[in-house]
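The values are calculated or read from the model by the stated rules, or taken from the named source; none is laboratory data. All of these numbers come straight from a predicted model, not from anything done at the bench. As a convention, Cβ positions derive from the backbone with ideal geometry for all residues, glycine included, and neighbour counts pool all protein chains shown.
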Amino acid sequence: MTASLLDVLRAIRAPVAAILLTLAIGFLLVASITDEPVRAYRDLLFANFDSLSNFALFLNRATPLTLIALGVVFAFRAGIFNVGGEGQLYAGAITTTVIGIAGASMPAIVLFPLALLGGIAAGAVVGWVPGVLKVRLAVDEVVTTLMLNIIVLLITSWLANQVIRDTTAYGAVSWMVPETIWLPPMPLVPRATSGFLVAVVLAFASWVVLFRTRWGAEVRAAGTNLRFAEATGVPAARRVITAMVVAGGLAGLAGSLYVLGVGHRFEQNFSPAYGLVGLTCALLARTHPIGALATALFYAMMLNGAAYMQISTDVPRSLVNLLTGLLVLLMTARLVRAARHA
Amino acid sequence: MTLTALLASVLEQSTPILLAALAAMITLRANILNVAVEGMMLAAAFTAIAVGGWSGSALQGFLAAIVVAILFSQLLALLTLRFSADFIVAGLGINLLAAGGTLFILERYYNSPGGLRPIAFPEIWHIPVGSLSRIPVIGPAFEDQSIIVLIAILAVPLSYVFLYHTPLGSNLRAAGEDEHAARSAGIRIERMKALSLAISGLLAGLAGAQLAMDKLHFFLPDMTSGRGFIGLAATLFGGGLPWMTTAAAVLFGFFGALGDRLQVFAIPSQFVLMLPYLAAILGLTFARWRIHLRNRPAKVTDESA
């Protein structure tokens, strides 16, 4: 028991060090700006729990982050560097919206699963393409996922601006999806999306799938050494592709749940780089599903806390963007270094 | 006359993309996929406006932009080469740091999160109007282009000569092609990679300076709007070869120039803007596919049938 506890401590030492170092640098910055750095930091980290409505917003923020991070976990475990979370998220969100709007006359019992599955499928397709290209032709997946992000964002921009745009609203937003297919709020926490529960369940399910099933073991084997796995009889290429489909599907689900549970429509700017932040969370958690849930919660706390911090003190909320950059720079340095020594 | 206008517009659109493409190319030859070009461009664009507006000197703004971009590139080099961080993650970190840092400074020190517009901004040197009118069509297209456009055009043969006709350039390529072989030949890999990143920073700095200083004279938080990635796409499409990369960058610049005009034909601009990225994916896939076909084991044909 103590041995496994030590293992856990050793595993989280590097990411925790990166987080603490980043927070320390941030504190120095904040102290140079405001006379109340402690107050600013309290708001940044804990204002999410001041009221039930703050808490609800926090859960809403954590939902897409968790799901995208889980997707990245699957991809990384299969040896694919999936930078495409943003594109997969947008594909899911726009597809759910389009289906919701186009099928507004359908009964909810048909439309809801259709919209949800459509979103998941769209994300999965966007994940499938780089997976196949990587495994079959060895096309670098970083490039394809990066490029696909921009392609998908341009497609959604066209749809949101020219095709399903709500002409009565300001900005590039679509018409609302019918209220009958809105996701019910979470029990006990009004205004929080019940999508969060889905994310939590999926985090634990991902752990079971990756570490307690044959399929998960094969995915990890394929990710560690594709040719070796192939040689020992594991259908590694297929596992990698499926893992990318799962990764895209999870990110697509994130977009879908956002539309059904929070936004109720597609907004071109709904994501503050969720794709990249989700990737950050997954890497910080060292591609562990439960860890990814924890880091996603931490990041949601920071993202929303920054807004409260800006209101109570005069520290700009973009401090968080700055800190994210620092964290990403620092954490990878630790991550790879630690991995090499192990 | 309209041909001249189109040519001028293509030149203007291509220059930052070309510089970004060369920036990505030089690191690609050292086996680094440089996703940080976008961030370095953004930091340079901001510095150009901030320093140029503050000092009233275009030269100082220009030089400061390049210095900042090189500093960012060396931060990336430090973290990846010294602390063995992953190039992709650290590169994305540089992008986030540049975007977050510029926004933070805008909010904190300029109190204008929307952007930075100095009331007066010094002009960078442009080719005087009328000086090239004797050359038909092409001459007028170059008139009123900034000096950075000329530098960008010069950078193409320079990068070619550097990569293929200098010892340093061959060492850099050797470091990128086979690390172990290069190391045993006495090439210092880390130094070569750091150098390629520094050159990349220089070129990305030029690209950022051009974006901010040429015509606009202001800075917006999302000013680079993916040009760094288009440059990366051009490099990948061009296979990391100077002339092919240049051709791809100019082609993509041409699409950009065309993008605004194509709406006349009822083609949404988004689909035109998409072309560089699609071209990069298809180009890479096609290249890999050809290699795949070549390396395919020979088919065993059943001759008795």
Exercise for the section: Test A:Val143 against the criterion of being at the interface with chain B (Cβ under 9 Å from one of its Cβ atoms), buried (at least 20 other Cβ atoms within 10 Å of the Cβ), modelled with pLDDT under 95 and over 24 Å from A:Gln162 (Cα atoms), and give yes or no. Expected result: yes
Practice task
Kindly establish whether B:Leu76 is more than 7 Å from chain A (Cβ to nearest Cβ), in a helix (DSSP H, G or I) and surrounded by fewer than 24 Cβ atoms within 10 Å (Cβ to Cβ).
Solution key: no
Problem - Residue selected from region A:159-182 under the condition of a type in the set (Val, Ile, Thr) and surrounded by 14 or more Cβ atoms within 10 Å (Cβ to Cβ), by the criterion farthest from A:Phe55 (Cα to Cα) - result: A:Ile164
Practice task
Have a look at B:Ile124, B:Ile135 and point out the one that is surrounded by fewer than 20 Cβ atoms within 10 Å (Cβ to Cβ), away from chain A (no Cβ under 13 Å) and in contact with a Phe, Trp or Tyr (Cβ under 9 Å, 6 or more places away or on another chain).
Solution key: B:Ile135
Practice task
State which residue is modelled with the highest pLDDT when the search covers only region B:1-44 and only residues that are charged (D, E, K, R) and part of a helix (DSSP H, G or I).
Solution key: B:Glu38
Practice task
Would you mind stating whether A:Asn60 is under 14 Å from A:Tyr308 (Cα atoms) and part of a helix (DSSP H, G or I)?
Solution key: no
Practice task
Return a yes/no flag: does region A:11-22 have any residue that is of a type in the set (A, V, I, L, M, F, W, C) and closer than 17 Å to A:Ser318 by Cβ.
Solution key: no
Exercise for the section: Restricting attention to region B:25-54, report how many residues are more than 14 Å from chain A (Cβ to nearest Cβ), under 15 Å from B:Ala204 (Cα atoms) and touching a strand residue (DSSP E or B) at 6+ places or on another chain (Cβ under 7 Å). Expected result: 1
Fill in the blank from the handout: Note on A:Pro113: of the conditions (1) without any contact (Cβ under 8 Å) to a residue 24 or more places away in the chain; (2) crowded, with 24+ Cβ neighbours inside 10 Å, unmet is (2)
Problem - Candidates A:Ser105, A:Ser53 - the one that is surrounded by fewer than 17 Cβ atoms within 10 Å (Cβ to Cβ), at pLDDT below 95 and within 21 Å of A:Gln310 (Cα to Cα) - result: A:Ser53
Practice task
Output the residue which, of all residues in region A:194-250 that are surrounded by fewer than 21 Cβ atoms within 10 Å (Cβ to Cβ) and of a type in the set (Lys, Arg), is farthest from A:Thr95 (Cα to Cα).
Solution key: A:Arg227
Handout entry: Residue among A:Asn48, A:Asn60, A:Asn54, A:Asn82 that alone is within 29 Å of A:Ala217 (Cβ to Cβ) and touching a Phe, Trp or Tyr at 6+ places or on another chain (Cβ under 9 Å)
Key = A:Asn82
Completion exercise
Those residues of region A:61-82 that are under 11 Å from the mean Cα position of the chain (by Cα) and more than 27 Å from A:Arg265 (Cβ to Cβ) come to a total of 1
Completion exercise
The number of residues in region B:1-46 that are free of Cβ contacts under 8 Å to residues at least 40 places away in the same chain and not aliphatic (A, V, I, L, M) is 1
Exercise for the section: Name every residue in region A:1-50 that is surrounded by 15 or more Cβ atoms within 10 Å (Cβ to Cβ) and among the aromatic types (Phe, Trp, Tyr), in order of residue number. Expected result: A:Phe27, A:Tyr41
Problem - Top-ranked residue of region B:84-112 - restricted to ones that are more than 29 Å from B:Glu190 (Cβ to Cβ) and at the interface with another protein chain (Cβ under 7 Å from one of its Cβ atoms), ranked as surrounded by the most Cβ atoms within 10 Å (Cβ to Cβ) - result: B:Phe104
Exercise for the section: Go through region A:14-36 and give me each residue that's assigned to a helix (DSSP H, G or I) and free of Cβ contacts under 8 Å to residues at least 24 places away in the same chain. Expected result: A:Val16, A:Leu20, A:Ala24, A:Phe27, A:Leu28, A:Ala31, A:Ser32
Handout entry: Of residues in region B:235-248 being modelled with pLDDT under 90 and part of a helix (DSSP H, G or I), the one nearest to the chain's Cα centre (by Cα)
Key = B:Leu236
Completion exercise
(1) modelled with pLDDT of 90 or more; (2) surrounded by fewer than 18 Cβ atoms within 10 Å (Cβ to Cβ) all hold for A:Pro185 apart from (1)
Practice task
State yes or no: is B:Thr47 within 30 Å of B:Leu79 (Cα to Cα), of a type in the set (S, T, N, Q) and in a helix (DSSP H, G or I)?
Solution key: yes
Exercise for the section: Quick one: count up the residues across region B:55-83 that are within 17 Å of B:Asn34 (Cβ to Cβ) and of a type in the set (S, T, N, Q). Expected result: 3
Handout entry: Residue among A:Phe204, A:Phe196, A:Phe211 that is part of a helix (DSSP H, G or I) and out of contact with any Pro (no Cβ under 9 Å at 6 or more places or on another chain)
Key = A:Phe196
Practice task
Might you check whether a residue that is touching a Phe, Trp or Tyr at 6+ places or on another chain (Cβ under 7 Å), away from every other protein chain (no Cβ under 14 Å) and either within 17 Å of A:Ile241 (Cα to Cα) or assigned to a helix (DSSP H, G or I) (or both) occurs anywhere in region A:118-139?
Solution key: no
Handout entry: Subset of region A:150-185 [in a loop (DSSP other than H, G, I, E, B), in contact (Cβ under 8 Å) with a residue 60 or more places away in the chain and under 25 Å from the mean Cα position of the chain (by Cα)]
Key = A:Gly171, A:Ala172, A:Trp175, A:Met176, A:Val177, A:Trp182, A:Leu183
Practice task
Find the residue count for region A:255-279, including only residues that are buried (at least 24 other Cβ atoms within 10 Å of the Cβ), among the aromatic types (Phe, Trp, Tyr) and more than 14 Å from chain B (Cβ to nearest Cβ).
Solution key: 2
